[in-house]
Amino acid sequence: MHSIRYVGKELSCEGVTIASLVQQHGTPLYVYSQATLEDHFDKLDNALAPLDHLICYAMKANSNQAVMRVLANAGSGFDTVSEGELRRVIAAGGDPAKCVFAGVGKTEAEIEFALKAGIYCFNCESEPELQRINQVAARLKKIAPVAVRVNPNVDAGTHAKITTGTYENKFGIAFEQVEGVYARAAKLKNLRLRGIQTHIGSQLTSVKPFEAAVNKLLPLVTKLKAKYKFEFFSIGGGLGIIYKDALASGDPAWWQTPAAKDILTPATYAAHLVPLLQPLNLRILIEPGRFIVGNAGVLVTRVEHVKKTGKKNFVIVDAAMNDLIRPAFYDSYHEIVPVTKKGGATVSSDVVGPICESGDYFCKDRPLPKVGEGDYLALLSAGAYGSVMGSNYNSRALAAEVLVHGAKSAAVRTRQKIADIWADERLADWLK
Ligand SMILES: *Cc1c(COP(=O)(O)O)cnc(C)c1O
């Protein structure tokens with residue numbers, strides 16, 4: 001449950017109105033609720049309490065250092081996918097010993113950095129990668145902790161761009177090949193086979209695919225655990241969040257309505273998975289990203305113009321696909337609400353950004369309150385895969401980010417200065 005709701009007519013994040021944040025920081029503006037981050041982390045942590053477990057927040061969802069510090073303080077480790085992310089963990093005060101390093105293309109330099117930082121485990125996706133990690137570890141006279149990512153060939157039933165657990169995907173090692181891979185890896189002197197990992201996709205709204213994957217892997221994990229003295233089994237991330245009823249779900253009463261009955265909560269997730277996992281007697285890792293941060297954040301934008309074309313009512317705003325690419329990239333739905341509540345009839349509207357791409361839209365033909373120039377809108381559920389996917393396309397500066405904590409707020413990333421967009425560019429000598 002999140003802490004973004006109307007207080008009177010004003011959309012608020014915890015004890016702060018969004019309107020006051022807009023006045024102070026301008027738009028486009030990301031706003032995050034610390035209480036929501038903590039609540040989501042604690043709900044998962046408590047649900048998994050019967051297991052020896054470690055939550056490794058998948059920081060690719062939102063790697064703002066303030067967000068990471070909140071989670072590190074709550075006891076979180078981190079799922080990292082690059083040297084840059086690992087360096088961010090260290091900068092944010094996180095513990096590398098609670099970090100896993102995932103991804104299909106780790107470079108030698110990245111492996112070396114992670115080994116020296118003392119990470120918990122490399123999650124490996126191919127045999128050449130295992131050999132490379134072994135070589136780097138041998139050169140550094142270290143033993144590298146590794147796990148193999150198993151592709152269980154279970155269809156998560158989610159969007160094609162975020163499903164990862166079938167043989168159509170580049171991720172992991174096919175279920176049938178895993179035993180052989182471990183047997184060969186066991187011969188590599190500078191590896192420690194610390195565990196096993198799987199991840200089947202993102203935005204899963206049912207516990208069934210998780211259950212299917214774990215059930216499929218249990219016999220294999222049991223066998224390999226005995227053989228190699230595994231310490232952990234990571235069941236990945238992927239818990240889905242509410243996008244359609246995002247605003248309503250901030251109200252505790254909503255959770256008693258029929259609409260809430262099918263939502264995948266940490267309690268449901270744990271009720272199905274804990275009994276399966278408990279007999280393994282292994283440490284269980286999970287790598288949630290979206291679940292923790294998705295509904296903890298909103299993107300606030302200003303209405304610049306309303307353009308009626310006869311067929312369409314275009315609401316042109318100052319945020320764009322460079323700030324939040326999810327609608328263009330994944331056809332994602334983000335609920336859009338006015339920052340100050342509006343009465344009256346709704347108008348079927350397309351909310352679009354100013355970028356020169358037809359894909360630069362946030363919604364199409366959606367009934368929205370009538371808004372005009374100078375009104376502000378909030379795009380909900382924007383905390384995950386929002387600012388992290390930001391770009392400078394059209395030489396637009398990266399948006400500012402604010403963290404709210406009760407009645408307090410702080411800029412946790414200042415708006416990028418326009419001249420900084422090209423600060424690393426140089427003219428070739430012959431052009432000077
Ligand atoms: C992206 C990813 C996650 C996090 O996914 P969410 O859907 O945000 O929870 C976890 N593990 C791996 C290996 C990933 O690639």
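The values are calculated or read from the model by the stated rules, or taken from the named source; none is laboratory data. Everything numeric here is computed off the predicted structure, so don't read it as measured data. Methodologically, a virtual Cβ is constructed for each residue, glycine included, from the backbone with ideal geometry; neighbour enumeration extends over all protein chains shown. Each accessible area value is taken on the protein alone, full model and side chains, heavy atoms only, with ligands, DNA and RNA left out. Shrake-Rupley method; radii C 1.70, N 1.55, O 1.52, S 1.80 Å.
From the list 382, 397, 378, exactly one residue is within 16 Å of the ligand (Cβ to nearest atom) and within 14 Å of residue 319 (Cβ to Cβ). Which is it?
382
Could you tell me whether any residue of segment 32-55 is open to solvent by less than 20 Å² (accessible area, probe 1.4 Å), closer than 23 Å to residue 170 by Cβ and touching a residue at least 60 places away in the same chain (Cβ under 8 Å)?
Checked segment 32-55: no residue is open to solvent by less than 20 Å² (accessible area, probe 1.4 Å), closer than 23 Å to residue 170 by Cβ and touching a residue at least 60 places away in the same chain (Cβ under 8 Å).
Would you please list the contacts, defined by Cβ atoms under 9 Å and residues six or more apart or on different chains, that run from a residue in segment 79-94 that is in contact (Cβ under 8 Å) with a residue 60 or more places away in the chain to a residue that is part of a helix (DSSP H, G or I) and not small (Gly, Ala, Ser)?
Going by the 9 Å Cβ cut-off, the qualifying pairs are 79/59; 79/60; 79/85.
To keep it simple, each residue is scored yes or no on (1) within 16 Å of the ligand (Cβ to nearest atom); (2) surrounded by 15 or more Cβ atoms within 10 Å (Cβ to Cβ); (3) in the same structural domain as residue 157 (by TED's automatic domain parsing).
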site	(1), (2), (3)
231	no, yes, yes
239	yes, yes, yes
245	no, yes, yes
250	no, yes, yes
258	no, no, yes
263	yes, yes, yes
271	no, no, yes
277	no, yes, yes
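Among the candidates 292, 284, 235, which residue alone is among the β-branched types (Val, Ile, Thr), in contact with a Ser or Thr (Cβ under 7 Å, 6 or more places away or on another chain) and within 16 Å of the ligand (Cβ to nearest atom)?
235
Residue 286 versus (1) open to solvent by less than 10 Å² (accessible area, probe 1.4 Å); (2) farther than 30 Å from residue 216 by Cβ: which is the lone unmet condition?
For residue 286, the exception is condition (2).
Give the residues of segment 295-314 that are small (Gly, Ala, Ser) and within 15 Å of the ligand (Cβ to nearest atom), sorted by residue number.
296, 297
For the condition without any contact (Cβ under 8 Å) to a residue 40 or more places away in the chain and of a type in the set (Val, Ile, Thr), what is the one hit in 352, 404, 412, 371?
Working: 404 fails: without any contact (Cβ under 8 Å) to a residue 40 or more places away in the chain; 412 fails: without any contact (Cβ under 8 Å) to a residue 40 or more places away in the chain; 371 fails: without any contact (Cβ under 8 Å) to a residue 40 or more places away in the chain.
Result: 352 is the single residue among 352, 404, 412, 371 that is without any contact (Cβ under 8 Å) to a residue 40 or more places away in the chain and of a type in the set (Val, Ile, Thr).
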